[in-house]
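A short reminder: the numbers here are calculations on the coordinates, not readings from a lab. Keep in mind that what you see is a predicted model, and the values were worked out from it rather than measured. Cβ sites come from the backbone with ideal geometry, for glycine too, and all protein chains shown count toward neighbours.
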Amino acid sequence: MELYISEDKDLFHSLFDNKDAIETDAALTLDWRELPERKASRIVIEKGVTFGDKSQWNA
């Protein structure tokens, strides 16, 4: 899952300034990608899944 922030580095920095609280509240560790050489920034969480394994679907 990804939050794509287009052309708003101020928004990204505002969220990043609250990184610890956001990650604590969400009980997640996020991948914060400012991408300074680009116009957009991203906040990403990835989870490896095996779509064919029905026993893992609820997780």
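Remarks
- Within-12-Å neighbourhood charge of Glu7 [Cβ basis; K, R +1; D, E -1]: +1
- Positive dipole terminus of the stretch 2-47, leading residue within Thr29, Ile45, Leu15 (C-beta point charges): Ile45
- Protection proxy ranking for 18-24, 49-55, using the average of other Cβ atoms within 10 Å per residue and placing the highest first: 18-24, 49-55.
- Whichever lysines have a C-alpha closer than 22 Å to that of Lys39, once near sequence neighbours (fewer than 8 apart) are set aside: Lys9, Lys19
- Pair Lys54, Tyr4: separation of 7 Å Cα→Cβ label points (nm): 3.4 nm
- From the coordinates shown, volume of the Cα convex hull per residue in Å³ corresponds to which of [x] 109; [y] 94; [z] 74: [y]
- Summed side-chain charge close to Leu35 - residues other than Leu35 whose Cβ falls under 15 Å, Lys, Arg +1, Asp, Glu -1: -2
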